[in-house]
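The values are calculated or read from the model by the stated rules, or taken from the named source; none is laboratory data. In this text, all values refer to a predicted model and were calculated from it rather than measured experimentally. Ideal geometry is used to build each Cβ from the backbone, glycine not excepted, and the neighbour counts take in all protein chains shown.
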């Protein structure tokens, strides 16, 4: 391994839906906390097993908005020994960018980098390898699903309401970028996505039966392909969506 490189010794991942049942009361749900806590206990055991000395564990998105975030952080520390650090949306975006740049071969292009989480989405405008502007917006996969999508499969009116709400926030984001002198429409930047929603789309596009980081990292998807995946998924009841290859 050279300077700045690393070799993963063990890779573990788990989706716990910590933001589940959050929208109505701005409180982390007890069941969601317990489920996440159980997963963190497993991870803590793995860290001890692997004799890891330095751990950097953070909480983001939905925990930032929760009224009971301190209760959750203290419970995790008490029961697992993991010290969770609550970071801002801006810091989350900067850390995410470091990971994205590490995996990109060409770091000279203008890019919009998006990280869609369960409770929020981090947006970065990047010139080369330097972030120009960062913003955390309230578009999270879990939050939006629970707020707008009540039927199975989602009804047309529900989808229209979701799309209108999302487009409104994205329009505000475009105006925010423009106020900073960032004429991204003229520069035709690349959109780079990271985190669960993006990797799932890459897995669905390739019909991967098992999550494979080597095939997902750097995978390119066209807008027409994204629209095709969206139209297909929205027409399926949850029972059928569970059978879609690549969808977790």
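Quick notes
- Of 128, 138, all but one fail to be surrounded by fewer than 16 Cβ atoms within 10 Å (Cβ to Cβ), on the phi > 0 side of the Ramachandran plot and at pLDDT below 85; the exception is 128.
- Residues of region 188-221 that are touching a strand residue (DSSP E or B) at 6+ places or on another chain (Cβ under 7 Å) and part of a helix (DSSP H, G or I): 197, 198.
- For residue 98: the one exception among (1) at pLDDT 85 or above; (2) out of contact with any helix residue (DSSP H, G or I) (no Cβ under 9 Å at 6 or more places or on another chain): (1)
- Residues in region 227-248 that are surrounded by 12 or more Cβ atoms within 10 Å (Cβ to Cβ), touching a residue at least 40 places away in the same chain (Cβ under 8 Å) and out of contact with any helix residue (DSSP H, G or I) (no Cβ under 8 Å at 6 or more places or on another chain): 236 only.
- Exclusive hit being at pLDDT 80 or above, in the same structural domain as residue 194 (by TED's automatic domain parsing), surrounded by 14 or more Cβ atoms within 10 Å (Cβ to Cβ) and closer than 29 Å to residue 236 by Cβ, set 156, 144: 144
- Residue within region 180-201 that is touching a residue at least 12 places away in the same chain (Cβ under 8 Å), more than 21 Å from residue 117 (Cα to Cα) and within 22 Å of the chain's Cα centre (by Cα) present: yes
- Considering region 51-70, and only residues there that are surrounded by 13 or more Cβ atoms within 10 Å (Cβ to Cβ) and more than 18 Å from the chain's Cα centre (by Cα), the residue that is nearest to residue 136 (Cα to Cα) turns out to be 69.
- Sole exception among (1) at pLDDT 85 or above; (2) surrounded by 13 or more Cβ atoms within 10 Å (Cβ to Cβ); (3) assigned to a helix (DSSP H, G or I) for residue 224, by number: (2)
- Apart from one condition, residue 144 fits all of (1) in contact (Cβ under 8 Å) with a residue 24 or more places away in the chain; (2) within 14 Å of residue 61 (Cα to Cα); the exception is (1).
- In summary, residue 208 fulfils each of the numbered conditions (1) surrounded by 15 or more Cβ atoms within 10 Å (Cβ to Cβ); (2) out of contact with any helix residue (DSSP H, G or I) (no Cβ under 6 Å at 6 or more places or on another chain); (3) under 19 Å from residue 113 (Cα atoms) with the single exception of condition (3).
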